[in-house]
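The structure under discussion appears below in the form of structure tokens.
The values are calculated or read from the model by the stated rules, or taken from the named source; none is laboratory data. On a predicted model such as this, the values are computed, not experimentally measured, just so you know. Reconstructed Cβ throughout: ideal geometry from the backbone, glycine too, with neighbour counts over all protein chains shown.
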Amino acid sequence: MLILFYNICKYYMLPHIQTAPNPRILLVSGIHGDECEVIDFVKEAVQHYSVELQPLLYIPELSPSAVRQKTRLNSEGKDMNRCFFSDTDVFEVLEAQKVLLPHHFQLAVSFHEDPSQDQFYLYDTGVSHEIPSVQHFLNYLCEIGVSLWSGIDDDNDPFLGYEVVNGRASVPPGRLSRERNKGIFEIWLINTLIAEHVLTLEIPGKAPLKIKRAIVDAFFRLVISNA
């Protein structure tokens, strides 16, 4: 249960959970309100694996207004994941930055859903070498019947266009400095030195709920618990 955690608090308008003074891991969901099913699965996993987890900071809903509306855009009509700039005027981004700027995380994880997909993929941002536990996780998904997607994530979106191979798109450090103008959360985390390594999970939106839950649970068991 969450009451077992070191601290439960609100920072201005953004509720979050911090389990130690200097958390090593950042967990985030709810940046887009039309990707809301994964939010509950992450909450369940945080509770279930609380004893095994490294010190963490957990933000269940990075964009509370988008989650309430169940829309990609927030109450200001903004896609929060295109507004992470040092001079942003988007309220929810400012609140998130207030929470995050004091910290430095070894690993940050952002949980998304891709509504168009029945296959799984993730973005691996900020490292140029393979993390064994991530590949172990991907291998396990294949073992339980979850297909891994390969392709270009969205070649019609000027902010994307990353190549995904066997469920994994690598975004190395050298590319990040050239992409500061995209306002993407993961890129902002790396470029501000808030996180050393960011994983972005794209849970397949067309998958059954039990598969979505199984993917999140496996990720906590095989990656987060060993981070």
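A few notes on this one:
- Selected residue [part of a strand (DSSP E or B), closer than 24 Å to Ile25 by Cβ, at pLDDT 85 or above and among the aromatic types (Phe, Trp, Tyr)] from Tyr140, Tyr121: Tyr121
- Residues of the stretch 95-114 classified as farther than 24 Å from Gln54 by Cα and loosely packed, with under 15 Cβ neighbours inside 10 Å, total: 0
- Subset of the stretch 208-222 [surrounded by fewer than 21 Cβ atoms within 10 Å (Cβ to Cβ) and either of a type in the set (Phe, Trp, Tyr) or part of a loop (DSSP other than H, G, I, E, B) (or both)]: Pro208
- Scanning the stretch 17-37 for residues that are hydrophobic (A, V, I, L, M, F, W, C), within 21 Å of Ile190 (Cα to Cα) and not in a loop (DSSP other than H, G, I, E, B) yields a total of 4.
- Scanning the stretch 26-40 for residues that are surrounded by 21 or more Cβ atoms within 10 Å (Cβ to Cβ) and touching a strand residue (DSSP E or B) at 6+ places or on another chain (Cβ under 9 Å) yields a count of 9.
- Every residue from the stretch 65-94 that is modelled with pLDDT of 95 or more, in a loop (DSSP other than H, G, I, E, B) and among the hydrophobic types (A, V, I, L, M, F, W, C): Leu73, Cys83, Phe84, Val90
- Residues satisfying the criterion are absent from the stretch 103-123 (criterion: without any contact (Cβ under 8 Å) to a residue 60 or more places away in the chain and not aliphatic (A, V, I, L, M)).
- Top-ranked residue in the stretch 1-22 [being more than 26 Å from Val90 (Cα to Cα) and touching a Pro at 6+ places or on another chain (Cβ under 9 Å); ranked as modelled with the lowest pLDDT]: Tyr6
- In the set Asn139, Asn81, only one residue is free of Cβ contacts under 8 Å to residues at least 40 places away in the same chain and within 21 Å of Glu163 (Cβ to Cβ); that residue is Asn139.
- Test: residue in the stretch 59-74 that is of a type in the set (Val, Ile, Thr), over 14 Å from the mean Cα position of the chain (by Cα), closer than 24 Å to Phe219 by Cβ and surrounded by 15 or more Cβ atoms within 10 Å (Cβ to Cβ): yes
- Options Val127, Val171, Val146; residue that is modelled with pLDDT of 95 or more and of a type outside the set (Lys, Arg): Val146
- Given (1) under 19 Å from Thr192 (Cα atoms); (2) in contact (Cβ under 8 Å) with a residue 12 or more places away in the chain; (3) not in a loop (DSSP other than H, G, I, E, B), number of the condition Leu62 does not satisfy: (3)
- Flag for Val99 being within 30 Å of Arg221 (Cα to Cα), aliphatic (A, V, I, L, M), out of contact with any helix residue (DSSP H, G or I) (no Cβ under 9 Å at 6 or more places or on another chain) and assigned to a helix (DSSP H, G or I): yes
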